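The structure appears below as C-alpha cells.
The values are calculated or read from the model by the stated rules, or taken from the named source; none is laboratory data. Computed from a prediction, not measured in an experiment: that's the story for all the values here. Methodologically, a virtual Cβ is constructed for each residue, glycine included, from the backbone with ideal geometry; neighbour enumeration extends over all protein chains shown. Surface accessibility is based on the protein's heavy atoms, side chains included, excluding ligands, DNA and RNA. Shrake-Rupley method; radii C 1.70, N 1.55, O 1.52, S 1.80 Å.
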Amino acid sequence: MFESVLIANRGEIACRIIKTAKRLGMRAIAVHSHADAEALFVQMADEAYDIGPAPAADSYLRIDRIIHAALRSGAQCIHPGYGFLSERAEFAEVCAENGIVFIGPPASAIKAMGLKDAAKSLAAQAGVPIVPGYHGAKQDPEFLRQKAYEIGYPVLIKAVAGGGGKGMKRVDKVTDFEAALASAQREAQSAFGDPRVLVEKYVLSPRHVEIQIFADRHGGVVHLHERDCSLQRRHQKVIEEAPAPGMTPEMREIMGRAAVEAARAVDYVGAGTVEFIADGREGLRPDRFYFMEMNTRLQVEHPVTEAITGLDLVELQFRVAAGEPLPFTQAEVPLEGHAVEARLYAEDPEKGFLPSTGRLWALEFPEDFGIRVDSGVEAGDEVTPYYDPMIAKIIARGADRAEALDRLSKALSETVVAGPRTNAAFLKRLVDAHEFRAGDFDTGFINLNLERLGAVERPLDPLSVAAGALALVRRDHARVERSGRAAYAGDPGPWWADDGFQLVGKRRHGLPLVVDGERVEGLLEWDAEGPSFELPGHTVEPGEVEALVVEAGEAMLVIAEGRQTRVAIYDPSAIDVEHLDHDGAIKAPMHGKLVALFVEQEERVEKGARIAVVEAMKMEHVLLAPADGVVSEIAAAVGDQVAEGARLVVVKQEGEAE
Ligand code: ADP
C-alpha cells in the first residue's frame, strides 16, 4: 500500500480523499491555488503546496506545477478526484514518466473513452447498445442538419469532447437546428477547446441510469450496481439514488454485464462509471437502454454506492492502484437498503439558478442517524466565482426508499446556509414531490415543474423584510445602549430608555431599506410593546415573524422556509445606484464573458427577444429583452469580460422620455 498521496483537486472531494488516505495511514499532500490557501482541505492535509493563482487554468490544471509539488513532497501517488485533470490522459502519462502512480485507469483507457464518438464506436463493437445518431467526423452545418432530419426530431447535439452537460442542446424542430448547432459549437470550443459535435436521437422519457464498475490489474472486473441520476437540470445531476426505482435483478444483471463489457473493451483499471440512457416510457426494459459514455474516474455521486454496499470506493481505488486484486467477486458485492444524495449548490433557483457567490455567514448541517454530509467549506469561507459552486453533498441512507427520502427531506430542512443563496428549499420540494416519491419521473421532471419547485422569481416576503428590519433596529439600539453605558457608569436614567416613549402620540418614523438590491420604504411604529413594522400594504406585528436572522456585516440575512432575504438600511453613499434602477438596463447576471450580441443601436426589439449571451462558469446564459422597446445603449462588446451587474445593453421602452 502507498505511504503518501498528493490530491490534485480541491473542495469536498479533496477532503473526502484525505479522510480515507489518513485512515489508511498515508501522508496526505494538498496542492492549492492562492484563493484556497485557507481552505478546509488544505487544513486537513499534512502538507500543502501553493500552485498558482485562482483561475483553474493557472493552478489546478497546471500539470507541470502539480508534478513539481509531487516530486518535492515525495508523493508516491496522485489522486485526481473528479473534474480538473481527472480525465486527461496526458496527466496520467506524465505521472507515469515521473514514477508517480496515477490513481485511475491507464492513459489508453482515458483516451479511448474520452471522446464521445470514439467511445460509442467502441461500445458498439463490444456489443453494448448505443443511441442511434451521427457520430462521424463531418461537421458542416448543412450536412449535420440533413443527418438530424434522417434521425428524426427531437435530436440532441452533443460536444464530442463533452462533459457536465456543456455544449449540449436539444432541438425539437428543423428551424431551430442552425442556432442550436452554433451555440453548442461555441460552448464546446470554449469549454473543451474542441468545437466538434455529434447528433443523436433524443430518447423520450429518458432515465439516466449508470453502473459503477471496478477493475483490478489482474483481469477482475465487477460492477457495484446502478445509480439513478434522472433528476437533472440542464443535463446536470441534482439528485442521485441507488438502487434505481423500478430496477429488477434481471435488468440489473443485463445492464451490469453491458457495463463490464464496455470496461473490458478498453482494458480498464480502477473505478469507472458507464452511463446509460433508458427510454423510460414503460419502465426500465432490457431492450430500451443505450450506452452514453464512460467516465473514467470517481463520480461526484459515489457516496450513494458506498451507502448501499458498505464499501469505501477511494480505499478500493488505492488498493487496485497498488496492485491488489479485488477483494470480492461479483456475487459477493453487497446491496443493502437505499441511498439518495442531493447536491447543495450556492445558486439562486429564483434567478435561473445563477451561481451565488460570497461569504458563508452561517453554515450548519444536521448530524442525524443515516445522514452523511460531504463538504469542503466552513462558516466564514467565501464561495468564489472561480470554481464549481457546490457547498455540500447530503447523503441519506434508509432501510428502504421512503425512509431514505424522509431522512433527506428532514436533513435539507435542518441545513442552514446564510450568505450565498442556495437550492436547499428547491431540493426539499423535489425530494417531497409525490411523482418523485412514486418513482414516476424522467430527466425532464425538474424543467416541467419549476414553478411548483419554487424556481421562479417571487415577490419579497414581507415577514422576512420585517424580521430583518426589526433585527437592524434592535442592533442599532444595542449599539447606542452600549456606548451610553460606557459613558455613564451609573444608572443612565430615562435618557437611554428604548421604548420609543414620546409625549405626543405614537412615535413613527420611516425606515429606508435595501432588500435584495431593491429600495423598500418601511415604517416603524413604537408603542409600549416595542416596535412594529409596516411596509406599503402590509403591517407586521411583533411576534408574528418567525425566521432565522443572521448578521452579515451591515446587513441582516433572514431565512424563512429555506429562502434568504437580505435586508440593509439604505445608505445613499454606499449603494451603487446602477444596480437598483429599472430603466431597461440589461446587466450581466454574473462575472463572465460577453460571447454574442444580437442587437444594434436603435434596433427595435420585442419583449423576450434574445439580446446577448454571457458565458460564465463555462455555461451560456441568454439575456432577453425585459420589454418592448428600442436599444438605446450598447455598453459592451463581444469578447469583453464583464463584471456581475455591469450594464450591457439598455432597452428604452417606447414612449419613454430620453
Ligand atoms: P455530459 O458528458 O456532458 O454530462 P452525457 O452524454 O453524459 O453528457 O449526457 C448528460 C445527460 O443528458 C444525460 O444524463 C441525459 O439526461 C441527457 N441525455 C444524453 N443523451 C441523451 C439522449 N440521446 N436523449 C435524451 N437525453 C439525453
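Annotation: amide H-H contacts under 5 Å for Val31 (H modelled 1.01 Å from N, sequence separation of 5 or more, or interchain): Ile7, Asn9, Tyr49.
Once the gyration tensor of the Cα atoms in the chain is diagonalised, the equivalent ellipsoid follows with semi-axes of 46, 31, 25 Å, ordered largest first. The relative contact order of the range 132-201 comes to 41 percent, based on Cα pairs under 8 Å that sit 6 or more residues apart.
Taking one quarter of the surface of the convex hull spanned by the alpha-carbon atoms of the range 577-652 gives a direction-averaged projected area of 4.3 nm².
Take 48-60, 30-42 and order them by the average number of nearby Cβ atoms within 10 Å per residue, most first; the result is 30-42, 48-60. Taking amide H positions as modeled 1.01 Å from N, with prolines and chain starts lacking one, the residues under 5 Å from Tyr570 and 5 or more places away or on another chain are Leu513, Val514. Distance from the Cα centroid of the range 234-251 to that of the range 1-73 is 32 Å (rounded to whole angstrom). Report, for the chain, the % of DSSP beta bridges that are antiparallel, rounded to 5. Close to 90 percent. Exceeding 24 Å between C-alpha atoms, which entries from my cross-link table qualify? They are Lys120/Lys169; Lys158/Lys428; Lys111/Lys138. In this structure, Lys158/Lys428 exceed 24 Å between Cα atoms. Most tightly packed first, judged by the mean number of other beta-carbon atoms within 10 Å of their residues, the peptides 244-253, 227-236 read 227-236, 244-253.
Can you give the log10 of the normalised intensity I(q)/I(0) at q = 0.21 Å⁻¹, computed with Debye over equal Cα scatterers of the range 94-200? The Debye formula, applied to the Cα set alone, gives -1.08. Here the spin labels are modelled as points 7 Å beyond Cα on the Cα-Cβ line, and at Ala322 and Arg475 they lie 5.1 nm apart.
Placing dummy labels 7 Å off each Cα toward the beta-carbon, the span from Glu367 to Gln125 is 5.4 nm. Take every pair of alpha-carbon atoms less than 8 Å apart whose residues are at least six positions apart; their mean separation over the length of the chain yields a relative contact order of 9 percent. Considering only Pro105, Phe365, Asn447, and ranking their Cα positions along the charge dipole of the chain that arises from unit charges at the beta-carbon of Lys, Arg, Asp and Glu, the one farthest toward the positive end is Pro105.
Heavy-atom accessible surface of the chain, averaged per residue, reaches 43 Å², computed with a 1.4 Å probe. With all protein chains in place and a 1.4 Å probe, the accessible surface of the range 303-457 carries 47 percent carbon and sulfur.
Can you pick out the pairs among Lys173/Lys201; Lys593/Lys652; Lys116/Lys201; Lys19/Lys393 whose Cα atoms lie more than 22 Å from each other? Each step should come with its number before you reach the end.
Values: Lys173/Lys201 13 Å; Lys593/Lys652 24 Å; Lys116/Lys201 14 Å; Lys19/Lys393 16 Å.
Flagged as over cut-off: Lys593/Lys652.
Along the range 368-381 the Karplus relation, 6.51 cos²θ - 1.76 cosθ + 1.60 evaluated at θ = phi - 60°, assigns HN-Hα couplings of 7, 4, x, 10, 10, 10, 9, 9, x, 10, 10, 4, x, 6 Hz to successive residues, with x for each Gly and Pro. Couplings for the range 624-635, taken from phi via the Karplus curve 6.51 cos²θ - 1.76 cosθ + 1.60 with θ = phi - 60°, read 10, 5, x, 6, 5, x, 10, 5, 9, 7, 10, 9 Hz in order; Gly and Pro are left as x. Pull out a ≥ b ≥ c, the square roots of the eigenvalues of the alpha-carbon gyration tensor of the range 344-455, then state rounded if a/c is under 1.5, prolate if not and a/b is larger than b/c, and oblate in the remaining case. Oblate shape, in that a/c is at least 1.5 and b/c is the bigger or equal ratio.
Report the relative contact order of the range 204-336, percent, no decimals, based on alpha-carbon pairs under 8 angstrom and at least 6 residues apart.
This gives 30 percent for the range 204-336.
The angle between the Cα long axis of helix 141-151 and the longest principal axis of the Cα atoms of the chain comes to about 70 degrees, rounded to the nearest 10.
Could you tell me what percent of the accessible area of the range 132-201 is made up of carbon and sulfur, with a 1.4 Å probe and every protein chain present? Kindly include the intermediate steps, with their values, before the conclusion.
On the way: 1670 of 3130 Å².
Summing carbon and sulfur atoms, their accessible area is 53 percent of the total for the range 132-201.
For the pair Phe143 and Arg257, a Förster radius of 25 Å applied to the C-beta separation gives a FRET efficiency near 0.10, rounded to the nearest 0.05.
Sort 114-127, 389-402, 447-460 by the packing proxy (mean of other Cβ within 10 Å over each peptide's residues), most packed first.
Numbers: 114-127: 17.6, 389-402: 20.5, 447-460: 13.7.
Result, highest mean first: 389-402, 114-127, 447-460.
Note down the nm distance, to one decimal, between modelled labels 7 Å out along Cα→Cβ at Asp176 and at Arg437. According to this spin-label approximation, the distance is 3.3 nm.
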